[in-house]
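Peer 1: Following this message is one structure expressed as structure tokens.
Read the figures in this text as sums done on the coordinates, not as results from a lab. Source: prediction; values computed, not measured. Cβ placement follows ideal geometry from the backbone for every residue including glycine, while neighbour counts extend to all protein chains displayed.
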Amino acid sequence: MANPMRIRATTTNGVTEVKALMSHPMETGLRKDSAGVAVPAHYIQQVQAKHNDKVVLAAEWGPAVSQNPFLQFRFNGGAAGDKVSIQWTDSTGDSRTDEIVLA
Amino acid sequence: MHFPRRSFLTLLTLGAAAALWPLRALAAWVRPDAAFAAKTLDEIYAGLGGTPEPSSEITFLSPEIAENGAVVPVNITSKIAGTDQIAILVEMNPNPLAAVFNFPEGTDTAVQTRVKVAQTCKLHALVRANGKWYSTSRETKVTLGGCGG
């Protein structure tokens with residue numbers, strides 16, 4: 001289980017803006033370490049964001065997304081007490097879900 | 001005693017129809033593995049299904065000069081009605097396709113993230129709207145490569 005992600009969300013005029021910073025090495029599998037041994041690929045492949053139970057963004061990523069990925073998007077709606085959750089699944093099958101409650 | 005041959009045949013037919021029904025559900029979204037493994041833009045277009053045409057309705061912001069290719073912020077906004085997918089391509093990366101975003105109804109067709117750029121090259125933002133692909137591109141100069149180092 002990887003480190004928690006940081007999620008921030010603010011609602012203005014009925015539109016909620018979500019910013020997420022995930023903690024992940026995002027290894028491409030092409031890099032070599034100091035001993036010259038290739039570092040195996042390890043990167044996030046799927047990201048899904050939900051507002052309560054409704055999917056608001058679904059992404060498929062390759063290894064070219066930067067280390068500790070940042071993601072920002074907006075969806076319509078969102079009221080105080082609503083839940084926003086983000087889940088990722090990486091190439092080793094590991095996954096993590098983090099959730100925040102809108103203020 | 002009569003074997004109810006007719007009703008038995010009817011049952012068989014119904015059973016076959018029921019078995020075939022779930023095939024319709026397979027038309028849902030699947031990860032475009034071929035596009036992610038592709039090494040050229042043309043292969044990606046084939047994997048995504050369609051060559052994009054240039055559009056001025058896509059706003060694509062990225063730095064002109066990126067000091068560190070490992071972290072290049074990109075900001076894509078599509079004003080094309082019916083947009084349901086946005087893809088980011090980095091032309092000179094080993095595998096140009098970096099990410100694909102799917103937008104359900106009710107989500108702004110805009111996204112901001114950071115990608116790795118191996119060397120100075122063009123970045124493309126692809127947008128799918130009503131089954132057609134549109135694109136816009138920007139050149140980004142990289143002073144330090146994005147792959148290890």
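Peer 1: Evaluate the relative contact order of chain A (contact order divided by residue number), counting alpha-carbon pairs under 8 angstrom at least 6 apart; express in whole percent.
Peer 2: Normalised by residue count, the contact order of chain A is 31 percent.
Peer 1: Tell me the trypsin sites (Lys or Arg not before Pro) within segment B:68-121 that lie in a loop according to DSSP and have at most 14 other beta-carbon atoms within 10 Å.
Peer 2: B:Lys79
Peer 1: Next question, about the same structure. Along segment B:78-90, what does the Karplus equation 6.51 cos²θ - 1.76 cosθ + 1.60 (θ = phi - 60°) give for ³J(HN,Hα), rounded to whole Hz, x for Gly and Pro?
Peer 2: 10, 9, 6, 5, x, 5, 10, 8, 10, 10, 10, 10, 10
Peer 1: Let me ask another. What does the helix-only formula give at 222 nm for the protein assembly as shown: each DSSP H stretch with n ≥ 4 adding -39500 (n - 2.57), the total divided by the residues, and the result rounded to the nearest 500 deg cm²/dmol? Intermediate values should be presented prior to the final figure.
Peer 2: Values: 3 runs with 29 residues, N = 252.
The helix-only estimate for the protein assembly as shown comes to -3500 deg cm²/dmol at 222 nm.
Peer 1: Given labels modelled 7 Å from the Cα in the Cβ direction, how far is it in nm from B:Glu57 to A:Val39?
Peer 2: In this crude spin-label approximation the distance works out to 4.1 nm.
Peer 1: What fraction, in whole percent, of alpha-carbon pairs in chain A exceed 16 Å separation?
Peer 2: Cα-Cα pairs of chain A separated by over 16 Å account for 57 percent.
Peer 1: Using the Karplus equation 6.51 cos²θ - 1.76 cosθ + 1.60 (θ = phi - 60°), what ³J(HN,Hα) coupling, rounded to whole Hz, does each residue of segment A:9-26 give in order, writing x for Gly and Pro?
Peer 2: Karplus-based 3J(HN,Hα) across segment A:9-26 equals 9, 10, 10, 10, 6, x, 10, 9, 9, 10, 10, 9, 10, 9, 10, 7, x, 6 Hz.
Peer 1: Further question on the same structure: Along the Cα-to-C-beta direction of A:Thr97, a point sits 7 Å from the Cα; which residues of segment A:30-70 have their amide N less than 19 Å from that point?
Peer 2: Counting backbone N atoms under 19 Å from the label point, the list is A:44-60.
Peer 1: Another question, then. Between B:Arg138 and A:Gln72, what is the label-to-label distance in nm when each label sits 7 Å out along the Cα-to-Cβ direction?
Peer 2: Distance between the two pseudo-spin positions: 1.2 nm.
Peer 1: With the cut-off at 27 Å, report for the protein assembly as shown the share of all Cα pairs above it, as a whole percent.
Peer 2: For the protein assembly as shown, the share of Cα pairs beyond 27 Å comes to 42 percent.
Peer 1: Also, quick follow-up: In segment A:21-103, which trypsin sites (Lys or Arg not before Pro) are in a loop and have at most 16 other Cβ atoms within 10 Å, using DSSP for the loop call?
Peer 2: A:Arg31
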